[in-house]
Every structure is written in C-alpha cells, then in structure tokens.
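The numbers here are math on the coordinates, done by the rules we state, and not lab data. Since the model is a prediction, treat every value here as computed from it, not as a measurement. No Cβ is skipped: glycine too gets one built from the backbone with ideal geometry, and neighbour counts run over all protein chains shown.
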Amino acid sequence: MRLSVHDIRDEGLALEFVEPAANFPVLAELQERRECRFPEPLRVTLRIQPASGMFEVSGRIETCVETPCSRCLKPTLVVLDTSFELTYVRELPEIEGEEDEDGREISAEEMGLVLLQGDEIDLREVVQEQVVLAMPFHPLCAPSCRGLCPRCGADLNNEKCRCAPTDFSLKFAALKDLKIDK
Ligand SMILES: [Zn+2]
Ligand SMILES: [Zn+2]
C-alpha cells in the first residue's frame, strides 16, 4: 500500500478497498493486546490529488470497534466513520506566528501537513493513524451507564452493592474543607 508519487497523474487517483484491521500493524497490535477488537473490515475510500508539488490526500474510513465501556468495562461496539484531509509536502513551511482563535500556535500536524518521506506515501500508515485518532476516548455502553462501584467493583447497572452511596459526596465535602498552604 505504498504509493509512489511518480504514479500519481495530474488528474489524481481514487482508491477504494476493504481490508481487515489485522493487515494494519498498529491495529493488529491493539487487537493482540486485547485493548479492542475490530469485528468488521475497514472500508476505505481515498483520493490523492497533486497540487503544485504537494499531494492532497483525503479519505473516509468506516468500520466499527469493540472496546470496553470506560465506566463498566462491558464490551461496547462503537461505529467509526471518519473523514480526513492531509497534505504531503516536501518541506514543512515556516508557520511561526500562525495562531488559532485561542492564540495558541498551530503546529504543522494540526494543519494536516505531513512531510513526504522520499517519493512514497504509505497509505497503510495513513489509514491506521486515522483509525487510532478516531477511536473514542470514553466509550460508553449507554449514556446512562452507572459504572462499577469504586470500592467493591460491583457492576452498578446490575446490582446495588452494600457500599455506602454517600462515599463520594463525603469525599467532596472533605475536599472542600481542605486548605492549601502556599
Ligand atoms: Zn458501561
Ligand atoms: Zn460497592
């Protein structure tokens, strides 16, 4: 899945493929470590367009991932549908002084700029990175998931444990009274 930039004609290139996550080393490793599972193959559409010495790569990846609920750890299926745009450049431009609305400096990466290594674009690399970026940070089996009891580990969706439910509020009350010496 390495694409030589010399094979990209002026009118650009469109690619479409369906491949199992196991064909992508980073995703395969996530599965081997049992951090998540990709029960369906990745459906990928890509478009590569040359533009004055640069190459614009845009695409869409659809699949789903089974990952533990961040509260109760139950395996949870999350649909992934991500679109992206990257620009491969020979040289990263000086972007000092470029700031976003919050006055933060924007990095080349945030602008979607990627330094072209040699004459090849590694599409496998692109796809797996985009999948990782699209993975949910805090997947939930249901928005109302009550999670596990932090004391006894009981799944509070299924049972009420015997731990005092006021534990949390007591802790907060104690925190409120904390005085921090400077
Ligand atoms: Zn849950
Ligand atoms: Zn408990």
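Points to keep in mind about this one:
- Dimensionless Rg over Rh [the chain; C-alpha; Kirkwood]: 1.13
- The stretch 33-63 residues near the modelled residue 15 label - backbone nitrogen below 17 Å, point 7 Å along Cα→Cβ: 42-51, 55-62
- Theoretical FRET efficiency, 1/(1+(r/R0)^6), r = Cβ-Cβ of residue 64 and residue 129, R0 25 Å, to 0.05: 0.85
- Taking the helices alone, the chain has a mean residue ellipticity at 222 nm of -5000 deg cm²/dmol, built from -39,500 (n - 2.57) per DSSP H run of at least 4 residues and averaged over all its residues.
- Residues listed by number, the stretch 122-152, amide nitrogen under 15 Å from residue 35 label point at 7 Å toward C-beta: 128-139
- Charge tally for residue 18 (other residues, Cβ to Cβ under 15 Å; Lys, Arg +1; Asp, Glu -1): -2.
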